[in-house]
Amino acid sequence: MVLLEAKNVAKSYGGLKVLTDLNFHVNSGEIVGVIGPNGAGKTTFMNLVSCLSPITSGTITYKGIRLNDKKPHEIAKLGIARTFQVVKPFGGLSVLENVMVGAFYGKRNLKSKAEARDAAEEAISIVGLLDVKDKDPRILPLAKRKKLEVARALAMKPDLLLLDEVMAGLSMKELEDITEEILKLKQKGITMLVIEHVMKAIMKISDRILVLHLGQKIFEGTPKEVVEEPAVIQAYLGAKFAEKGK
Amino acid sequence: MKRIIIAVILSISLLFAVTAFAEEIVFGAALSLTGKLAKEGTLVKNGYELWKEAVNKKGGIKVGGKNYTVKIIYYDDESDPNRGAKLVEKLITVDKVKLILGPYGSESVFATSAITEKYGAIMVQGGAAADKLYTRNFKNLFGIYTVATEYMDDIIELTKGKSPKSETVAIVYSNDLFSTEVAKGAKRSAEKNGLKVVFYQDYPKGTQDLSTVIVQIKGKNPDIILGCGHFQDTIVMVKQLKDYKVNPKVLGFSVGPTLPDFVNSLKGDAENIFGSAQWTMTLKYKDPVFGSNQEFVKAYKAKYKEDPNYHSAGGTAAAVIFQRAIEKAGSIDDIAKIRAALSSFNEETLYGKIKFDSTGKVTGKGMAVVQIIGGTQKTVFPDYVAETKPIYPKPQWK
Amino acid sequence: MKDKKIILFFLFLAVLIFLPYIVSGYWLRVLTQTFLFASIATGSNIIIGFTGYPAFGNIAFFGVGAYVTGVMTTTYNVPFLVTLPFCALSGFVLAGILGIPILRLKGHYFAIATVGIMETIKEIVDNMVETTGGGMGLTLPIMVGEPEFIYKYFYYVMMLCMLLSVLICYIISRIKIGYALRAIRVDEDAASVMGINTPLYKTLAWAVSAALVGIAGGIYAYWLSYIDPHTVFGGTYPVKMFAMILLGGATTVTGPLIGAFILEIISELVWSKFIAIHGMVLGLLIICIILFIPKGIFETFKGGFSFRKLLNNLRENSL
Amino acid sequence: MVLLQVIINGLLLGGFYALIGIGFSLVWGVTNIINLAHGAIALLGAYLTYYLFVSIQLDPFLSIPLSFVSIFLFGYMLQRFVMNLVVKAQIFILLILTFGLEIFLVNFMTTFFSADFRSVTPSYAGESLVIGEIVIPYIRLAVFFVCVIFAIAMGLFLDKTWTGKAIKATSLDIEAAMMSGINPAKIYAITFGLGSAIAGVSGTLLTLTQAFSPSIAGGLTLRAFIVSILGGLGRIEGALLGGLILGVVETLSSYLIGESYKNAIAFGLMVLVLVLKPSGLMGRKYYAEVKH
């Protein structure tokens, strides 16, 4: 079953085209990876799905509902949750309270504090942050803050989870942990769209991979196909050369 | 920590330590010593201080054969009427003072007199001219300023019978309590005297530009222009009237020409402008404390090294009247007796012949009219106190 | 810890309730004034501290409330207490309507827009001479009764107003909405993707805040019995309000209240000793609060007083 | 004809407003400080001019350089040793800090210069250029030209000099600027100094056309507010345009609607622009837009 579908999606800022003519879909229960060099339009696409910025043309549908004119909070109620590449914990609220916000306002829309606390604790235990649940997230190390992002999104009880570079900057051990957690979540029936630079991890978790380059889809296929696709390799190598040139 | 506690205890005890000693008569005043009315507030305070020194030099206030040294407790209301009210309450309940000398400014008097009335204390004020003060049926408020609605009467009176005849008048005013009342009174008085009011317009308090108003006035070409505002807008108006070559026969202001800064700020452009004055230095009145108005002026100059104006004189006069009423009442704490003495007051003071009507406002005092002639203000009206004849019509701008 | 706080609060409350039978009229007035500031600061803190929108011109609703009571009691002879719900309502509706466009702005822009609104409302009131008396101000009917009674009356009414503000803040901080507001304060994008209808909650927060400030304005008007546009819209109120919020701690329920008490009592005790220069002292005091204890005294001195903490605060925000 | 006169009056007034706004806008755009003490700083320049005129009869136009230099130093020190200490704090903390400064300065001036209203009237005051029915006062015209010259000079300074470019760079991206060797503490101080200096000059010019006392500081700041919002932050040409618009709007609304409504209309306009186009009538996306 198709959960999320993008048709001819384009986004431009003034004259600058960031995404052009993107067509693709995510099925229920899948993990879809999105890769591409910097500036490929990955985060832009994610912002379009979560309605943080308006779509220039084309449509995105989720469960058959058109998302173009929705507000971010409406999307959240429909069961889409996301994390941010630059983590955005709510400082001044404890880890537990951070996650409670998700339980209160996500798809669950809980009313009572007790219920929200239970839901939050469950999400926290999934990512393994129980020991720091009363701490202010601002003092936690990056890995834990990234986990907090995931926990907050999970507390919303999403059907579709958008993960924006949750693995960047983590150690090998932490990477393994988080990969495992993501796979566990998949078993729970959560569909995921994962933006990632860490190739090894994304190859391991993804069912399918979407490759973006300069705002365009250059390839879509299984991890194995992606590794063998010349266009992808060229895009990455070209990008690397470009970076060296700087 | 210990030191902090000691400091706090000390400051609290200081606060409560202010009690009246024997043989002292204590007055209280909550004035604006900072904020937008700091200037006028300080002048009124100067007036009170001068009176206090003069009286104490003579041995104090004599009541029932006993001499009481005058003491005045001051507080600063920061030009905030609400704070003024609070401080008067402090004067009455904490400092136990029931003789209150008024603050400067209609808003402040308005707020503080409500407190004195509630506590049965008494206030004599020489610092507010709003008519509204006297429409509240207060028994314990006496004011010596001619009220705002009568402010412009004498300037209009002055133009009567002069030639060439003035027929039209333009009135502009700042939209605050005092100025609005002045303008209303001026309009009424002008119409009563057969003048046609061709322009009547308010402007925001403290405006920085009046060019549009002046261009409009120019179109009407009135014989008389009356500005009812405050010093700041008066200066702007004079400058711009000259800029746009508007030349009326009479240019008069409610506030401004009577203040020494008027000539300092405008130099030659101040020439021949009329102003209403509650009081001027040259008025020839006798006074029970200083002997005469001239003596008061001399004493003031000696103490403060500057000329007194109607603010400070108002302060002194209010205090003088208060003192005379207390002496007549024969009691320093019987408010009813002091009130009766004030109600029946009829004496000449440096501020003029003072009588109060049943609402507590001064009656029949009138205003003096001054004109800037040769860089100084001269009293030109009414005739019996005038130093010189008014210059009419006003010559064109240089 | 929590129990101790609540016990302390009720102890404080009990003292306040019995105080009028011990202290003089002047001190009652000082306290009433303090309650007034505490109400304004606590009410405003809902939008400023909880939601993170620096509504510098929030005093606008204080003025609106004052004029609602003023006009209703003078023109329509409505009893004073009956006007108070209307003060709240007018603040609520006005902020609700203005909030929709204005709350799209952030930071400085929002702060300035609220100042613009405050000045615009002031000028409008100034020009509605027929209804409001314009610059001439408005005289309210003076309450009949013994001064003793009147002062106790306003003392208790203002105290109730303050307690109402604190109570509402407390409730907001405890329930679901409180979490939404605090999330909005830290990061609006993150809050919205978590399902928080940010425009709605922001507007709601501002409206509640305006309603509380409006009630305070209504009581103030009847208490002072004379209001004019220049005193009720602006003056030093906004900055005093902010200083109190900062001093006590912006993110807490009782912080602004404590800030109000500290600042007002200090000014009572100290100001009269520095008549000539107290304006400068006030300015310096505010500058020092900002430089050394911007997080509020409780946050800063949690584990006891030390100069090092002051210096740390100084270092934290410097370039 | 009256309408034309009113518009000319508005433009002349607008020149002055522009100058008040430029400094304010510059400081806000670069350092992200809304300087509520701007009006009070302008008055420091006004008092300097006034006392120079009274004591040695120095013509106000000649005291412009003195105002500029001395108020620049004042502003530089202030930013370097006070404002820089909290410049990274939340915005309302900065707001309160500058308000505290305003209270301090106003009371300082009241204590030492008295609350008296002052004004300077040189011998040539009141002379006007008369063309048909249109009257253009020379002083206002001169004030206008000084303001425009300062605006242009300021714009050139920012565009053509290294310091100017460093200021612009800092306002765009402070981290990138730091990495290219710019010391932001110094740049902020220079910016605040310049903003203050221009305010000081506007204070100097103020003495010629109006009466002033410490109590008008707040009103001046509010005008600066409106001008910067109308024009767009940190943009010199924007502030110039904003000033002119404000001047004309004030005189026109005063003529067409009523003098007492002019402030309401000016503030209403500001709120409207904020809501509809927060980056100002001439503002572009960058500068302060990205900073919240």
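Observations on the model:
- If the condition is being under 12 Å from the mean Cα position of the chain (by Cα), of a type in the set (G, A, S) and more than 12 Å from every other protein chain (Cβ to nearest Cβ), then region A:29-76 contributes only A:G33.
- Counted residues, region C:244-273 - those being small (G, A, S), within 14 Å of chain D (Cβ to nearest Cβ), crowded, with 24+ Cβ neighbours inside 10 Å and part of a helix (DSSP H, G or I): 2
- Residue pairs whose Cβ atoms lie under 9 Å apart, separated by 6 or more positions or on different chains, with the first residue in region B:278-300 and surrounded by fewer than 17 Cβ atoms within 10 Å (Cβ to Cβ) and the second aromatic (F, W, Y), are B:K284/B:Y384; B:S292/B:Y285; B:K298/B:F290.
- Elements of type helices (runs of 4 or more DSSP H) in region D:1-106, at least 3 residues being at the interface with another protein chain (Cβ under 8 Å from one of its Cβ atoms), open to solvent by less than 10 Å² (accessible area, probe 1.4 Å) and of a type outside the set (K, R): D:2-31
- In region B:36-61, residue farthest from B:R83 (Cα to Cα) [restricted to those that are within 14 Å of chain D (Cβ to nearest Cβ) and open to solvent by 20 Å² or more (accessible area, probe 1.4 Å)]: B:N46
- Residue within region B:323-330 that is assigned to a helix (DSSP H, G or I), more than 30 Å from B:K62 (Cβ to Cβ) and in contact (Cβ under 8 Å) with a residue 40 or more places away in the chain present: no
- Helices (runs of 4 or more DSSP H) fully within region C:103-198 counting 3 or more residues that are more than 30 Å from A:T83 (Cβ to Cβ) and open to solvent by less than 30 Å² (accessible area, probe 1.4 Å): C:107-127, C:147-174
- Residue that is nearest to C:A190 (Cα to Cα), among those in region A:63-95 that are of a type in the set (V, I, T) and open to solvent by 50 Å² or more (accessible area, probe 1.4 Å): A:V86
- Selection within region D:229-243 - in a loop (DSSP other than H, G, I, E, B) and of a type in the set (A, V, I, L, M): D:L233
- Some residue of region C:129-142 being out of contact with any strand residue (DSSP E or B) (no Cβ under 9 Å at 6 or more places or on another chain), closer than 24 Å to C:Q33 by Cβ and within 9 Å of chain B (Cβ to nearest Cβ): yes
- The selection criterion, being modelled with pLDDT of 90 or more, touching a Ser or Thr at 6+ places or on another chain (Cβ under 6 Å) and either closer than 28 Å to D:T121 by Cα or open to solvent by less than 10 Å² (accessible area, probe 1.4 Å) (or both), holds for D:T251.
- Residues that are open to solvent by 80 Å² or more (accessible area, probe 1.4 Å) and closer than 19 Å to A:Y105 by Cα, drawn from region A:116-147: A:R117, A:D118, A:E122
- All told, A:T191 falls short of being polar (S, T, N, Q) and farther than 21 Å from A:F24 by Cβ.
Table: residues versus (1) under 15 Å from B:V250 (Cβ atoms); (2) in a loop (DSSP other than H, G, I, E, B); (3) more than 10 Å from chain C (Cβ to nearest Cβ); (4) in contact with a His (Cβ under 6 Å, 6 or more places away or on another chain).
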position: B:F110; (1), (2), (3), (4): no, no, no, no
position: B:T146; (1), (2), (3), (4): no, yes, yes, no
position: B:I156; (1), (2), (3), (4): yes, no, yes, no
position: B:K162; (1), (2), (3), (4): yes, yes, yes, no
position: B:K165; (1), (2), (3), (4): yes, yes, yes, no
position: B:F178; (1), (2), (3), (4): no, no, no, no
position: B:G185; (1), (2), (3), (4): no, no, yes, no
position: B:E191; (1), (2), (3), (4): no, no, yes, no
position: B:F199; (1), (2), (3), (4): yes, no, yes, no
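- Search result, residues across region B:22-69 that are in contact with a helix residue (DSSP H, G or I) (Cβ under 8 Å, 6 or more places away or on another chain) and on the phi > 0 side of the Ramachandran plot: B:G35
To keep it simple, each residue is scored yes or no on (1) out of contact with any Gly (no Cβ under 7 Å at 6 or more places or on another chain); (2) modelled with pLDDT under 90; (3) more than 12 Å from chain B (Cβ to nearest Cβ); (4) part of a helix (DSSP H, G or I).
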| position | (1), (2), (3), (4) |
| --- | --- |
| D:I167 | yes, yes, yes, yes |
| D:Y188 | yes, no, yes, yes |
| D:G200 | no, no, yes, yes |
| D:G203 | no, no, yes, yes |
| D:T221 | no, no, yes, yes |
| D:A224 | no, no, yes, yes |
| D:V227 | no, no, yes, yes |
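- Options C:L284, C:L224; residue that is at the interface with another protein chain (Cβ under 7 Å from one of its Cβ atoms), closer than 24 Å to D:L85 by Cβ and open to solvent by 10 Å² or more (accessible area, probe 1.4 Å): C:L284
Matching residues to (1) touching a strand residue (DSSP E or B) at 6+ places or on another chain (Cβ under 7 Å); (2) open to solvent by less than 10 Å² (accessible area, probe 1.4 Å):
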| residue | (1), (2) |
| --- | --- |
| A:L170 | no, no |
| A:E180 | no, no |
| A:M199 | no, no |
| A:L210 | yes, yes |
| A:A231 | yes, no |
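- Any hit, region B:12-25, residues being within 20 Å of C:L282 (Cα to Cα) and either open to solvent by less than 30 Å² (accessible area, probe 1.4 Å) or at pLDDT 80 or above (or both): yes
- Evaluated against (1) under 21 Å from C:F9 (Cα atoms); (2) open to solvent by 10 Å² or more (accessible area, probe 1.4 Å); (3) in contact (Cβ under 8 Å) with a residue 60 or more places away in the chain; (4) assigned to a helix (DSSP H, G or I), C:I215 falls short on exactly one condition, (1).
- A:A40 falls short on exactly one of the conditions (1) of a type outside the set (D, E); (2) crowded, with 23+ Cβ neighbours inside 10 Å; (3) within 20 Å of A:K157 (Cα to Cα), and that condition is (3).
- The set of residues in region B:219-257 being open to solvent by 10 Å² or more (accessible area, probe 1.4 Å), more than 8 Å from chain D (Cβ to nearest Cβ) and at pLDDT below 90 consists of B:H230, B:V255.
- Test for A:T222: is it open to solvent by 20 Å² or more (accessible area, probe 1.4 Å), of a type in the set (S, T, Y) and under 24 Å from A:V32 (Cβ atoms): yes
- Residue within region B:114-132 that is open to solvent by less than 10 Å² (accessible area, probe 1.4 Å), of a type in the set (S, T, N, Q) and more than 7 Å from chain C (Cβ to nearest Cβ) present: yes
- Residue in region D:138-158 that is touching a strand residue (DSSP E or B) at 6+ places or on another chain (Cβ under 8 Å), within 14 Å of chain B (Cβ to nearest Cβ) and either crowded, with 23+ Cβ neighbours inside 10 Å or not hydroxyl-bearing (S, T, Y) (or both) present: yes
The values are calculated or read from the model by the stated rules, or taken from the named source; none is laboratory data. Given the structure is predicted, the values throughout are model-derived calculations rather than measurements. Cβ: placed from backbone, ideal geometry, glycine included. Neighbour counts: every protein chain shown. Calculation scope for accessible area: heavy atoms of the full protein, side chains included, ligands and nucleic acids excluded. Shrake-Rupley method; radii C 1.70, N 1.55, O 1.52, S 1.80 Å.
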